[in-house]
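For reference, the structure discussed in these notes is given below.
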Amino acid sequence: MLYLGEGDGTGGLLKENPEDFVVMEITSKGKVLELNRKYACSELGETEEPSGAFTTFILQKRNWETIKAVTEIAKKTGRGRKSVSYSGTKDRKSVSVQLASIYGVEPESVMAVRLPEISINGAWKSNGTELGSNLGNRFSVKVREATRPGNANRIIESLAGVFPNYFDRQRFGYRLNNQRVGMAILRNSHEEAAMEFLTYTGNETDPESSEARSRLLDERDFSKALGYFPRHLRYERIMIEHISRYNNFANALRRLPRGILLMFVHSVEDLIFNMALEQRVKDRNFNSPESCGADAYGFPDLSTTVASPGRFPLGCLVGYETDESLISEYEKSAMESIGLSRESFKIRSMPEISMKGAFRPLLSPLLGLNVSGSEDCISLEFSIAAGSYATIFLNEITRTGGMELSSLLS
């Protein structure tokens, strides 16, 4: 995707070790959760609920995926995965601290959990933690082996406190094909969607999985596939079992959790947004009839959306209820190029995953940005809003890890 900053990148490597990528959550009350610090809920402006059914806790982890970490904590306390929630996911290869909550477990039991490279830095009775409730994240990042470290300040100056608010690669799945599944669903091509999910091998990193996917594509024998598909591909096996019995691809897709089906469709919205934003970056045109103001922390506040130019111009995440007059020529061009329209997101065959539409800031602000370094190592500290991607900003600096839109469209 095109860069907004001017000049050549610094080069260099990210996440050489977890300590090079520190993520500290900014809570809904605007408090930055510091590493290795124990908190009482009152220190964070939180309210303890003695009769609450949940325990909110502060999770610090190193080199753990968020979902896997909370699942292991649930197991340790005798609960299931569905009992645990969190405000936001953090990168696996990092050291991070964030809020999470668990149903039906006392604070003392959570504090007693012992897992490698995980610590619980506080716990209290509450009404639970919701996904997306955090304001943002504070980052402390090191870029190692930079070949042109002096370019960092030049790029940052040209960005003028913002960067393009692209969706990054994790929105499109580890095989970078969520949007391909989603587009097939939007076209009501259920067999195509199912086969894309089951058999696509691009970016597949596990040889056994790649072999199984390729074999199913070649043979199309779903009964036999149950004998060789890896056990860890649980959702694929669920779909294969259904197809082998009923030969119904639409209902096989429905066997997936609704959250996964929504992810497929969301990724199409995200692709359209990225395509439109890339052209805006090329044109240096961020004018929009819709905008929003800032919250108390200085991040975009979508609850203050207004139909006029303002502090944070907004782009459309197009859905079937999106006002036609608010869809820019950039978004219309992107949709036309992939053969979709606003009405495509009214999915009559699967109404439960239809998308009404939403807005997203075109540019993400960088707050509290500090840059330092010595020789070939650059240190950056900055805060960004929830839903924005630190890696998008860091790619502006290094120019080494960007994602090409062509990889999502081929």
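If one computes P(r) from the Cα atoms of the range 17-83, what percent of pairs lie at distances over 15 Å? Here the long-distance tail beyond 15 Å is 63 percent of all Cα pairs in the range 17-83.
Taking the square roots of 5 times each eigenvalue of the Cα gyration tensor of the range 138-268, largest first, gives ellipsoid semi-axes of 39, 18, 11 Å.
Build a GNM of the chain with springs between Cα atoms under 10 Å apart, and of Glu352, Glu381, Glu192 the one that fluctuates most is Glu352.
Solvent-free Debye calculation, one equal scatterer per alpha-carbon of the range 264-361: log10 I(q)/I(0) at 0.12, 0.16, 0.18, 0.21 Å⁻¹ equals -0.39, -0.67, -0.83, -1.07. Couplings for the range 193-200, taken from phi via the Karplus curve 6.51 cos²θ - 1.76 cosθ + 1.60 with θ = phi - 60°, read 5, 5, 5, 4, 5, 7, 10, 5 Hz in order; Gly and Pro are left as x.
Note on Thr205 and Asn153: the extension gain reaches 15.1 nm, defined as 0.36 nm multiplied by sequence separation minus the Cα-Cα distance.
By the Kirkwood approach, averaging reciprocal distances over each pair of separate Cα atoms, the range 11-138 gets a hydrodynamic radius of 14.5 Å. Annotation for Glu6 and Leu35: the two label points, set 7 Å from Cα along the Cα-Cβ direction, are 3.5 nm apart. Available extension along the chain between Ser223 and Leu369 is 47.0 nm, counting 0.36 nm per residue and deducting the alpha carbon span.
Label-to-label distance for Glu65 and Ala294 is 3.7 nm, based on points extended 7 Å past Cα in the beta-carbon direction. Can you give the FRET efficiency for Met111 and Ser333, using 1/(1 + (r/R0)^6), R0 = 56 Å, r = Cβ-Cβ distance, to the nearest 0.05? My answer for the efficiency is 0.55. Converting phi to 3J(HN,Hα) with the Karplus coefficients 6.51, -1.76 and 1.60 and the offset θ = phi - 60°, the range 215-221 yields 5, 5, 4, 6, 8, 6, 9 Hz in sequence order, with x at every glycine or proline. The residue among His232, Gly310, Phe273 whose Cα reaches farthest toward the positive pole of the charge dipole of the chain, with charges on the beta-carbon of Lys, Arg, Asp and Glu, is His232. Per-residue ellipticity at 222 nm computed for the chain from its helices equals -9500 deg cm²/dmol, with DSSP H segments shorter than 4 residues left out and the rest contributing -39,500 (n - 2.57).
For the chain, the alpha-carbon coordinates run over 56, 55, 44 Å along the three principal axes, in decreasing order. When the Cα positions of Phe264, Ser288, Phe345 are compared along the charge dipole of the range 264-361, Ser288 comes out farthest toward the positive end, with charges on each C-beta of Lys, Arg, Asp and Glu.
Computed about its Cα centre, the charge dipole of the chain is approximately 1080 debye, with only Lys, Arg, Asp and Glu carrying charge at their Cβ.
Normalised by the number of residues in the range 1-151, the average gap of Cα pairs under 8 Å and 6 or more apart makes the relative contact order 40 percent.
Note on the range 334-371 and the range 63-101: Cα centroid distance 27 Å, given to the nearest whole angstrom. Each peptide in 69-82, 17-30 gets a packing score, the mean of other Cβ atoms within 10 Å over its residues, and the list from highest to lowest is 17-30, 69-82.
All of the numbers you see were taken from the coordinates with simple rules; none came from a lab. Here the structure is a predicted model, which means the values were calculated and not measured. When we count neighbours, we look across all protein chains shown, and the Cβ atoms used for this are built from the backbone with ideal geometry, even at glycine.
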